[in-house]
Amino acid sequence: MDISVVIPLYNEEESLPELTQWITHVMNGNGYSYEIIFVDDGSTDDSFRIIKRLSKDNGNIRAVRFSRNYGKSPALNTGFRMAQGDVVITMDADLQDSPDEIPELFRMIKEDGYDLVSGWKKKRYDPLSKTIPTKLFNATARKVSGIKNLHDFNCGLKAYRRQVVKNIEVYGDMHRYIPYLAKNAGFTKIAEKEVKHRARKYGHTKFGLDRFVNGYLDLGTLWFQTKFGVKPMHIFGLLGSLMFFIGFLAVLTVIILKIVSICSDDFNFYLTKSVYFYLSLAAMIMGLQFFLTGFVGELIIRNSAERNNYLISEEI
Ligand code: UDP
Ligand code: MG
């Protein structure tokens, strides 16, 4: 099979017939063998009934329905597990992404040999409240992930070599960082393609402004996991040692001041009035906590399936 189109959707009943017709038109026009995988993320409208009806006319449609709304990431992950095509293309259900982009995305994976091609909505048809923070967000994501050539991490329209989607797990709200997940899994040939974007025709966006707060928190988590995920002691041990060192200097200062005060008649040292006393206490306690966090992290990693999870690219 050439292409699997994975479409996560949540209450998009109005768009589905038009979207399906458009995708089918592109697929037939280019002679691709394909499947369309709809993942209904717990819609409360008529979406799934419409998909059922569409699938009666088109044997290439597969669909699953979540029992409730879990989120776009779990929906994509489910689609990725199901996909059988050589190239997997994800697309939003709201007709903001154009199926006309499929042939070129397919070609870039197949012929140019990219692992992942991400769409870039250079000209966006979204409200300013979304486009401006998005610019900032993408700049940070570029810096943190080291994927310097992507302008638009969270574009719903993306194409992947099948091996990529089978080797990454999208969970939580991590769909914003799939290129980063792919890079961490060893798929580094990542490119971008400018794509046409349209305003939402029906319904409304499913994400509020909290997307930016959550997005930044998730980026921090991913960065941390990438750097210290299997060696937490490298960071917590370092911080703990630093704290112990500060505490040691503070204790030393306290001891010296005490000796000086014993030897001198006109200098009195009161332990509980000394800033060094409190500094030594705080630093030692924090140092111990860092170390314990590090040890607990190491124990968790010891029992994790991820600790020796490598992707082998070639063998002789
Ligand atoms: N979506 C989903 N589950 C959710 C939220 C969104 O499957 O909990 C789908 C939604 O139906 C659409 C895609 O994810 O197909 C992108 O969502 P949306 O268009 O609301 O995001 P925006 O374009 O505003 O970033
Ligand atoms: Mg949209």
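Each reported figure results from applying straightforward, stated rules to the coordinates on display, with no laboratory input. If you're wondering where the values come from, they're calculated on a predicted model, not measured in any experiment. All Cβ positions, even for glycine, are placed from backbone atoms using ideal geometry, and neighbour counts span all protein chains on display.
Of note:
- Radius of gyration, Dmax [the chain; alpha carbons; angstrom]: 26.6, 100
- Site pair L311 and N28 shows an inter-label distance of 3.6 nm when each label is modelled 7 Å from Cα along Cα→Cβ.
- DSSP beta bridges in the chain [antiparallel fraction, %, rounded to 5]: 30 percent
- Compared with the dominant Cα axis of the chain, that is its longest principal axis, helix 16-30 is turned about 70°.
- Placing pseudo-labels 7 Å out from each Cα toward the beta carbon at T221 and E194 gives an inter-label distance of 3.5 nm.
- Two-decimal log10 I(q)/I(0) for the range 201-316, as the Debye equation yields it once each C-alpha is a single scatterer, q = 0.18, 0.22 Å⁻¹: -0.97, -1.13
- Length gained on full extension, R81 to N268: 60.1 nm, using 0.36 nm per residue less the C-alpha separation.
- Distance between modelled label sites at V64 and F295, nm, 7 Å Cα→Cβ extension: 4.1 nm
- Nearest 10 degrees, 0 to 90: helix 210-228 Cα axis against the chain principal axis: 70 degrees
- This ranking places I301, I316 by how few other beta-carbon atoms lie within 10 Å of each, fewest first, which gives I316, I301.
- Computed [θ] at 222 nm, deg cm²/dmol, the chain (DSSP H ≥ 4; -39,500 (n - 2.57); rounded to nearest 500): -16000 deg cm²/dmol
- Structure remark: mean-square fluctuation, Gaussian network model of the chain, C-alpha springs under 10 Å; the largest value among F207, F290, F137 belongs to F207.
- Gyration tensor over the Cα atoms of the range 19-59: the corresponding equivalent ellipsoid has semi-axes (square roots of 5 times the eigenvalues, largest first) of 22, 10, 9 Å.
- From the alpha carbon centroid of the range 1-77 to that of the range 103-121 is 21 Å.
- Largest mean-square fluctuation among L150, L128, L217, in a Gaussian network model of the chain whose springs join Cα atoms under 10 Å apart, belongs to L128.
- Placing +1 on the Cβ of every Lys and Arg and -1 on the Cβ of every Asp and Glu, with no other charges, gives the range 180-265 a dipole of roughly 880 debye about its Cα centre.
- A cut-off of 5 Å between modelled amide H atoms, ignoring neighbours fewer than 5 places along the same chain, links R62 with I36, I37, F38.
- Across all directions, the average projected area of the convex hull around the alpha carbons of the range 144-274 is 14.2 nm².
- Residues whose amide H comes within less than 5 Å of that of L150, counting only those at least five positions distant or on another chain, are absent (H built at 1.01 Å from N in the peptide plane).
- Ordering S4, S274, S313, S145 by the number of other Cβ atoms within 10 Å of each residue's own Cβ, fewest first, gives S313, S274, S145, S4.
- By the count of neighbouring beta-carbon atoms within 10 Å, fewest first, M174, M284 end up ordered M284, M174.
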